[in-house]
Amino acid sequence: MTTAPHRSTLEARALFNPAFGAYLLATSIHAAAKKAHTPMPWPSVFLVLPLVMPADTRSSLPAKSTVTLMAWANANPRQQAAFAERAAALTDYTRASLRTAMRHRVIEVTAGNLNCFGTPKPPSAAPGTEVAECARAATLVGRWLATTDPGRTFTVLGVRP
């Protein structure tokens, strides 16, 4: 029998698996490149997982990318205030996820930018699954990062590259 704390520990380990992070980064990088027709700038990748992984942040994201990152940040001051701490806490996970993605030739780094090889497979279509929610959020964040100046994005979220 699995106890609730043990189950949540297993879920956390599965969610914070570098392979899953690599998938989310590839999804975001692909969405950014598709939107902007240019690769994602290297520093921007460190904004993806802090916006996607925490459930409360993810649930506050809009359903469509017509809402800008700046408008979202202004409408969600708690998320904006907590972002710097979350970004710092997820830096090592982002690095591990990047290494995993590069090792498996999912993404490449070229001239300070990130490219995704191919199109990441969509997650299960089952509604309400956390994997699908994370992938949807990663796509949205990628589109946001494609249309927002990286320096301005970092400033609005209260972090430095």
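The values are calculated or read from the model by the stated rules, or taken from the named source; none is laboratory data. Predicted model only: the values in this text are computed from it and were never measured. In this analysis, Cβ positions are derived from the backbone assuming ideal geometry, glycine residues included, and neighbour counts consider all displayed protein chains. When the accessible area is computed, the model is the full protein with side chains, heavy atoms only, and any ligands, DNA or RNA have been set aside. Shrake-Rupley method; radii C 1.70, N 1.55, O 1.52, S 1.80 Å.
Key figures for this structure:
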quantity	calculated
Net charge of Cβ neighbours under 14 Å - reference S44; Lys, Arg +1; Asp, Glu -1	+3
Highest-fluctuation residue, A36, A89, A111 considered, GNM on the chain with Cα pairs under 10 Å	A111
Spin-label model distance (nm) - S60 vs Q80, 7 Å beyond Cα toward Cβ	1.0
Answer label, with Cα extents along the principal axes in Å calculated from the coordinates and candidates (1) 50, 37, 29; (2) 45, 29, 27; (3) 69, 25, 25	(1)
Leading residue at positive end of dipole, the chain (Cβ point charges), from T129, A84, A22	A22
Surface per residue (accessible, 1.4 Å probe) for region 15-161, Å²	51
In nm, spacing of pseudo-spin labels at W42 and H104 (7 Å Cα→C-beta vector)	2.3
Relative contact order of the chain, defined on C-alpha pairs under 8 angstrom at six or more residues apart (%)	40
Carbon/sulfur fraction of accessible area - the chain, other protein chains in place, 1.4 Å, %	57
Nearest-20 debye value, the chain charge dipole, Cβ charges on Lys, Arg, Asp, Glu	220
